[in-house]
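Q: Below you'll find the structure I mean.
The values are calculated or read from the model by the stated rules, or taken from the named source; none is laboratory data. In this text the structure is predicted, and so the values were computed from the model without any measurement. No Cβ is skipped: glycine too gets one built from the backbone with ideal geometry, and neighbour counts run over all protein chains shown.
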Amino acid sequence: MKLYNLIFITLGIISMVIGMIGVIIPVLPTTPFLILASMFFVKGSEKFDLWLKSTKLYKDYAEDFIRDRSMTLKRKITIMLISDLMLLFPLIIVGKVFIKLFIILIAIFKYYYFIFEIKTKKE
C-alpha cells in the first residue's frame, strides 16, 4: 500500500471517529465529518469506502445528503448554529479587521450554500 493511500485512510478514520463522537456530543456536527471521511476513503481505499457506506451511522447521517444533496431543516439549523459558534470564537479573538471580514464572508457563503444549494427535505 502506498503512503498516499495510508494518509487518506488515516484522515478518513480520524474524520469518521470525530463524526461518531458527534452522535454522542451534540456540539460536533456528524454529517460533515462523515462526508469528509467518505471523501478520504474514496481516495485511499475502495474497501474502506464500501465499509463506511454500509454502516448504519453513514446511512442515518450522510447518505441522503450525498445521494440527493438534501438535509432535514433540523439538521441544517444544527450544523449552521454549531459552525456559527466555531466562527464566532476566532471572530472575537482576532484583532485584524481583514481576518474578521474574511470570517464574515465565510459565514455569509455558508448561509447562502445551506439555504440555496442544499435542498430541505421533510423529516
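Here's the yes/no breakdown for (1) surrounded by 12 or more Cβ atoms within 10 Å (Cβ to Cβ); (2) more than 17 Å from D64 (Cα to Cα); (3) in contact with a Leu (Cβ under 7 Å, 6 or more places away or on another chain):
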position: I82; (1), (2), (3): yes, yes, no
position: F98; (1), (2), (3): no, yes, no
position: L105; (1), (2), (3): no, yes, no
position: K121; (1), (2), (3): yes, no, no
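Q: Here's something else I'd like to know. Just name the residue that is modelled with the highest pLDDT out of those in region 70-89 that are within 13 Å of the chain's Cα centre (by Cα) and basic (K, R).
A: So the residue we want is K76.
Q: Also, I was wondering about something else. I need the full set of residues from region 22-79 which are among the small types (G, A, S), part of a helix (DSSP H, G or I) and surrounded by 15 or more Cβ atoms within 10 Å (Cβ to Cβ), in order please.
A: First, the residues of region 22-79 that are among the small types (G, A, S): 22, 37-38, 44-45, 54, 62, 70.
Then drop every residue that is not part of a helix (DSSP H, G or I), which leaves 22, 37-38, 44, 54.
Scanning region 22-79 gives G22, A37, S38, G44.
Q: It is to be established whether one or more residues within region 80-101 are under 19 Å from K119 (Cβ atoms), out of contact with any strand residue (DSSP E or B) (no Cβ under 9 Å at 6 or more places or on another chain), assigned to a helix (DSSP H, G or I) and not assigned by TED's automatic domain parsing to the domain that holds E117.
A: no
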